[in-house]
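Novice: Encoded as structure tokens, here's the structure I'll be asking about.
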Amino acid sequence: MAYHAIVDEAFLDVRSHGYVRVAVCVPDGRVADVAYNTAAHIDVLRQAHAAGARLAVCPELGLTGYTAGDLFFQDTLQRAAIDALATIAAATRDWDMAVCVGMPIAAGGSLFNCAVTLYGGHPVAVAPKAYPPNYREFYELRWFRMAAEATVDEVTLLGETVPFGTVLLVEIEGQPGFVLHTDICEDIWVPVSPGTLAALAGATVLANLSASNITVSKWEYRLDLVRGSAAKNLAVQLYSAAGFGESTADLAWDGHGIIADRGDVIAQTPRFRTGGSLAIADADLLALQSDRMRQTSWGQNAAAFAQPVRRIIVPPVEDRRPRAVFERLERQVEPFPYAPADPAKLDARCEEIFQIMSTSLARRLTALPEKGRHLVLGLSGGRDSTLALLVAVRALDQLGLPRSRMIAVTMPGFGTSERTRSIATSLAHALGVTLREIPVSRIAEEVFSAIGHDAEVEDLTFENVQAWSRKFLLFSVAGKEGGIDLGTSDLSELALGFTTYGGDHMSHYGVNAGVPKTLVSRLIRWTADTVFAGDAAVSRALGDVLETPISPELLRPSASGEIVQISEDVVGPYELHDFFLYSFTRFGFGPRRIARMALHAFDGKYSLAEIKRWLIVFLARFFAAQYKRDAIPDAPKVGSGGSLSPRGDWRMPSDASPAAWLAEAESIPAD
């Protein structure tokens, strides 16, 4: 009981779910006015700390100004920078927040452009710039040596001996997964960056202190650069940039700070801000570690390019900030991970998925004898069979085959409503496919009689016999025509086992198996708006499909003919289950982490109690349904979220126990 009390108290705290809050700071500045710059740094660092950051990264040479020129050689400026560092160290002494600042440092008789990492009031690492640029507008070799020319690997700073070099990894005790590496501006622009080598050595958070002047469209390339670094290194990449206050004698500055997490830009500072600015985000170290473990080529590459590094482990500072600071997740979590929220991206995603599905089916057809290139589909008037039909029509069109080779079979049963029957008929006619109707009730009644089942008892036997009868008919039609039966079960149904084993779960080719339920609807809407935009009859029928409740229609309608068997009343909201599925299979997150993410992603739409309830349903059904997934037909993988094919992305024993997952799910607080 005491354990659960502690667990529940920490549930909302994002730190307990594998996140670390990071910040990119762009202080206001003045060239060579170190006192002003120090105050500006402390001001924005205080904001970062108050917001819960555990790391704050400031710009390159920010304490002096990047454009100080020959003043870098002035002893007065160098000493002022050291004094500024001492002031910042003192101001941040009691903070559980690492701070990276940029300044010139003399070491071994040479001057270096450096990033200094402070924690707990102490300098813990100094990273000299590896590749100072000396082309076009850059003249850094006039003042600074490159890191490879250093003759020392330690410097004395604020009275302490501090590691000096480009291969320093900083870890703070009590922050699992947090391994910091810093480099400077040009270092991220070169083909083989110090950050990449550090990531291969175990760094998870890469901080680049930059000045980065602005020219037309450079910000776009810079954004791609940071995003690309985070993606290829499977890391968090922070990038600071000098802003207002740098000299504009020959250059301009936009103060563009960026935070990217494994290829996704999760925060940016506003550009061209005349005062200081700040970007805050929660980096997902748990997902990062999961990706590195799963991507076996990552480990292979790390082994091939392993280099000696120095690990600096520092004792923690007690975090005295109130827990409430960490009870809001500072990043966007998409409630629909399979479907982008941005309309333009969603449109492009739907087009690509539709092409993947249709060309895959077309390829499967070309593997058959020419006379066997017929498709048979059970058309219910629901969403899954509608999507499969649209894909089939496109595949036939691509191959130059007549649409009449698509045989759509409606099979009215005890639960078929007049609405779906009418929709199926209208859609088949509008698309110009072959339509057949074969009632399933008579066959089902014969089976009921043979096995001694009362047809008035609407139990699982009542439902499954209809599903098996339909599949028997579809296979029979396919055999007669010499074609293949096209499966309609989608990814969500396969995850939940909401398919009849040997019934709608089976086919000759499962074209929908890589598409989750939340994406099925979007794909249908997209085809209506684009592929069939000029065909009013098809668009109208597709609109009717989307307005119809999701149902297997295996139970008898109400007296007024309305559908009474609503799928989501049985298994729960598909949008939640798709979120659970993505988090569970893509990253291997546990129930508590999944629930915490869902609470944030759906932002009040579902209570924690509702999320817990349906998550337990998901886990129980997912484990219980593996035997069905072990016997699914071929189907194209569609998204990076993965498939559930036993030959592809997902392999687990069908008798695996869900006990540990269910126990963890039960520990989720109900409110």
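Novice: Only residues that are of a type in the set (A, V, I, L, M, F, W, C) and crowded, with 24+ Cβ neighbours inside 10 Å: list them for region 106-129, please.
Specialist: In the first step, residues of region 106-129 are kept if they are of a type in the set (A, V, I, L, M, F, W, C); the result is 106-107, 111-112, 114-116, 118, 124-127.
Those that are of a type in the set (A, V, I, L, M, F, W, C) and crowded, with 24+ Cβ neighbours inside 10 Å: 112, 114, 115, 116, 118, 125, 127.
Novice: Take the conditions under 25 Å from residue 167 (Cβ atoms), under 16 Å from the mean Cα position of the chain (by Cα) and part of a loop (DSSP other than H, G, I, E, B) and apply them to residue 329. Does it pass?
Specialist: Values: under 25 Å from residue 167 (Cβ atoms): no; under 16 Å from the mean Cα position of the chain (by Cα): yes; part of a loop (DSSP other than H, G, I, E, B): yes.
So residue 329 does not fit the description; no.
Novice: In addition: Checking the structure you have, find out if any residue of region 4-25 is outside any loop (DSSP other than H, G, I, E, B) and more than 36 Å from the chain's Cα centre (by Cα). It would help to see each step written out before you state the result.
Specialist: Going through region 4-25, the residues outside any loop (DSSP other than H, G, I, E, B) turn out to be 4-10, 14-17, 19-25.
Narrowing the set further to residues that are more than 36 Å from the chain's Cα centre (by Cα) leaves none.
No, region 4-25 contains no residue that is outside any loop (DSSP other than H, G, I, E, B) and more than 36 Å from the chain's Cα centre (by Cα).
Novice: Being more than 19 Å from residue 381 (Cα to Cα) and either in the same structural domain as residue 617 (by TED's automatic domain parsing) or not small (Gly, Ala, Ser) (or both) narrows it down to one of 503, 479, so name that one. Talk me through it step by step, then tell me what you get.
Specialist: Values: 503 fails: more than 19 Å from residue 381 (Cα to Cα).
That would be 479, the only listed residue that is more than 19 Å from residue 381 (Cα to Cα) and either in the same structural domain as residue 617 (by TED's automatic domain parsing) or not small (Gly, Ala, Ser) (or both).
Novice: Related question: Which of the following residues is in contact (Cβ under 8 Å) with a residue 12 or more places away in the chain, crowded, with 21+ Cβ neighbours inside 10 Å, more than 30 Å from residue 360 (Cβ to Cβ) and in contact with a His (Cβ under 8 Å, 6 or more places away or on another chain): 592, 596? Give the derivation first.
Specialist: Details: 592 fails: crowded, with 21+ Cβ neighbours inside 10 Å.
Among 592, 596, only 596 is in contact (Cβ under 8 Å) with a residue 12 or more places away in the chain, crowded, with 21+ Cβ neighbours inside 10 Å, more than 30 Å from residue 360 (Cβ to Cβ) and in contact with a His (Cβ under 8 Å, 6 or more places away or on another chain).
Novice: How many residues, within region 332-378, are over 22 Å from the mean Cα position of the chain (by Cα), charged (D, E, K, R) and part of a loop (DSSP other than H, G, I, E, B)?
Specialist: Qualifying residue count for the region: 1.
Novice: With respect to residue 64, is the statement that it is over 30 Å from residue 176 (Cα atoms), modelled with pLDDT of 95 or more and buried (at least 24 other Cβ atoms within 10 Å of the Cβ) true?
Specialist: On the way: over 30 Å from residue 176 (Cα atoms): yes; modelled with pLDDT of 95 or more: yes; buried (at least 24 other Cβ atoms within 10 Å of the Cβ): yes.
Spelling it out, residue 64 is indeed over 30 Å from residue 176 (Cα atoms), modelled with pLDDT of 95 or more and buried (at least 24 other Cβ atoms within 10 Å of the Cβ).
Here's the yes/no breakdown for (1) at pLDDT 95 or above; (2) hydroxyl-bearing (Ser, Thr, Tyr); (3) more than 16 Å from residue 398 (Cα to Cα):
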position	(1), (2), (3)
339	no, no, yes
351	yes, no, no
356	yes, no, no
359	yes, yes, no
362	yes, no, no
365	yes, no, no
377	yes, no, yes
381	no, no, yes
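Novice: I've got another one for you. If you go through region 625-645 one residue at a time, do you hit one that is in a helix (DSSP H, G or I), surrounded by 17 or more Cβ atoms within 10 Å (Cβ to Cβ) and in contact with a Ser or Thr (Cβ under 6 Å, 6 or more places away or on another chain)?
Specialist: Looking only at region 625-645, we keep the residues that are in a helix (DSSP H, G or I), and these are 626-629.
Then drop every residue that is not surrounded by 17 or more Cβ atoms within 10 Å (Cβ to Cβ), which leaves 626, 628-629.
Add one more test, that the residue is in contact with a Ser or Thr (Cβ under 6 Å, 6 or more places away or on another chain), and what stays is 626.
Checking region 625-645: at least one residue is in a helix (DSSP H, G or I), surrounded by 17 or more Cβ atoms within 10 Å (Cβ to Cβ) and in contact with a Ser or Thr (Cβ under 6 Å, 6 or more places away or on another chain).
Each row is one residue, and each column tells you yes or no for (1) in contact with a Cys (Cβ under 9 Å, 6 or more places away or on another chain); (2) surrounded by 19 or more Cβ atoms within 10 Å (Cβ to Cβ); (3) more than 17 Å from residue 204 (Cα to Cα); (4) assigned by TED's automatic domain parsing to the domain that holds residue 179.
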{"position": "257", "(1), (2), (3), (4)": "yes, yes, yes, yes"}
{"position": "261", "(1), (2), (3), (4)": "no, yes, no, yes"}
{"position": "274", "(1), (2), (3), (4)": "no, no, yes, yes"}
{"position": "303", "(1), (2), (3), (4)": "no, no, no, yes"}
{"position": "336", "(1), (2), (3), (4)": "no, no, yes, no"}
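Novice: Quick one: which residue in 448, 414 is among the aromatic types (Phe, Trp, Tyr), in a helix (DSSP H, G or I), in contact (Cβ under 8 Å) with a residue 12 or more places away in the chain and touching an Asp or Glu at 6+ places or on another chain (Cβ under 9 Å)? Quick ask: steps written out before the conclusion?
Specialist: Working: 414 fails: in a helix (DSSP H, G or I).
Result: 448 is the single residue among 448, 414 that is among the aromatic types (Phe, Trp, Tyr), in a helix (DSSP H, G or I), in contact (Cβ under 8 Å) with a residue 12 or more places away in the chain and touching an Asp or Glu at 6+ places or on another chain (Cβ under 9 Å).
Novice: Only one of 86, 10 is outside the structural domain of residue 212 (by TED's automatic domain parsing) and hydrophobic (A, V, I, L, M, F, W, C). Can you tell me which? Can you show your working first?
Specialist: Working: 86 fails: outside the structural domain of residue 212 (by TED's automatic domain parsing).
The match here is 10.
Novice: I'd like the full set of residues that are outside any strand (DSSP E or B) and charged (D, E, K, R), limited to region 166-179. Quick ask: steps written out before the conclusion?
Specialist: From region 166-179, those outside any strand (DSSP E or B) are 166-167, 173-178; that's our starting set.
If the condition is that a residue be outside any strand (DSSP E or B) and charged (D, E, K, R), then 173 is the only one that fits.
Novice: Right, next: Would you confirm, using the coordinates I've provided, whether residue 196 is modelled with pLDDT of 95 or more, closer than 20 Å to residue 267 by Cβ and of a type outside the set (A, V, I, L, M, F, W, C)?
Specialist: Numbers: modelled with pLDDT of 95 or more: yes; closer than 20 Å to residue 267 by Cβ: no; of a type outside the set (A, V, I, L, M, F, W, C): yes.
Here the answer is no, as residue 196 does not meet what is asked.
Novice: Same structure, new question: Can you spot a residue in region 145-159 that is touching a residue at least 24 places away in the same chain (Cβ under 8 Å), surrounded by 22 or more Cβ atoms within 10 Å (Cβ to Cβ) and in a helix (DSSP H, G or I)?
Specialist: The answer is yes, given that some residue of region 145-159 is touching a residue at least 24 places away in the same chain (Cβ under 8 Å), surrounded by 22 or more Cβ atoms within 10 Å (Cβ to Cβ) and in a helix (DSSP H, G or I).
Novice: With of a type in the set (Val, Ile, Thr), farther than 26 Å from residue 252 by Cα and within 31 Å of the chain's Cα centre (by Cα) as the only criterion, which of 117, 87, 92, 76 stands out? Working first, answer last.
Specialist: Working: 87 fails: within 31 Å of the chain's Cα centre (by Cα); 92 fails: within 31 Å of the chain's Cα centre (by Cα); 76 fails: within 31 Å of the chain's Cα centre (by Cα).
From the options 117, 87, 92, 76, the qualifying one is 117.
Novice: If you check every pair at least six apart or on different chains, which have Cβ atoms under 6 Å apart with a residue in region 281-310 that is closer than 25 Å to residue 23 by Cα first and a residue that is assigned to a helix (DSSP H, G or I) and among the hydrophobic types (A, V, I, L, M, F, W, C) second?
Specialist: Between residues of region 281-310 that are closer than 25 Å to residue 23 by Cα and residues that are assigned to a helix (DSSP H, G or I) and among the hydrophobic types (A, V, I, L, M, F, W, C), the close pairs are 282/14; 287/587; 290/587; 292/298.
Novice: How about region 73-128: which strands (runs of 3 or more DSSP E) wholly inside it have at least 3 residues that are of a type in the set (Val, Ile, Thr), out of contact with any His (no Cβ under 8 Å at 6 or more places or on another chain) and within 20 Å of residue 257 (Cβ to Cβ)? Write out each step before concluding.
Specialist: Numbers: elements: 98-107, 110-119, 122-128.
Strands (runs of 3 or more DSSP E) meeting the threshold: none at all.
Novice: Does residue 417 count as closer than 30 Å to residue 624 by Cβ and touching a strand residue (DSSP E or B) at 6+ places or on another chain (Cβ under 7 Å)? Don't jump to the end; show me each part of the working.
Specialist: On the way: closer than 30 Å to residue 624 by Cβ: yes; touching a strand residue (DSSP E or B) at 6+ places or on another chain (Cβ under 7 Å): no.
No, not satisfied.
Novice: Looking at residue 437, is it over 23 Å from residue 362 (Cβ atoms), in contact (Cβ under 8 Å) with a residue 60 or more places away in the chain, assigned by TED's automatic domain parsing to the domain that holds residue 543 and acidic (Asp, Glu)? Even if it seems obvious, please write down each step before you answer.
Specialist: Details: over 23 Å from residue 362 (Cβ atoms): yes; in contact (Cβ under 8 Å) with a residue 60 or more places away in the chain: no; assigned by TED's automatic domain parsing to the domain that holds residue 543: yes; acidic (Asp, Glu): yes.
No, not satisfied.
Novice: Could you look through region 171-181, keep only residues that are under 17 Å from residue 262 (Cα atoms) and out of contact with any Leu (no Cβ under 6 Å at 6 or more places or on another chain), and pick out the one that is surrounded by the fewest Cβ atoms within 10 Å (Cβ to Cβ)? If you could, list the steps in order and put the result at the bottom.
Specialist: Initial filter on region 171-181 (under 17 Å from residue 262 (Cα atoms)): 177-181.
When the remaining residues are screened for being out of contact with any Leu (no Cβ under 6 Å at 6 or more places or on another chain), the result is 178, 180.
Details: 178: 20, 180: 30.
My answer is 178.
Novice: How many of the residues making up region 271-287 are within 17 Å of residue 40 (Cβ to Cβ), in contact with a Gly (Cβ under 7 Å, 6 or more places away or on another chain) and either part of a strand (DSSP E or B) or of a type in the set (S, T, N, Q) (or both)?
Specialist: The number of residues fulfilling the criteria is 2.
Novice: Looking at (1) modelled with pLDDT under 95; (2) more than 21 Å from the chain's Cα centre (by Cα); (3) among the basic types (Lys, Arg), can you tell me which one residue 321 breaks?
Specialist: (1)
The values are calculated or read from the model by the stated rules, or taken from the named source; none is laboratory data. For clarity, every value in this text was computed on a predicted model and none was experimentally measured. All Cβ positions, glycine included, derive from the backbone under ideal geometry; neighbour counts span all protein chains shown.
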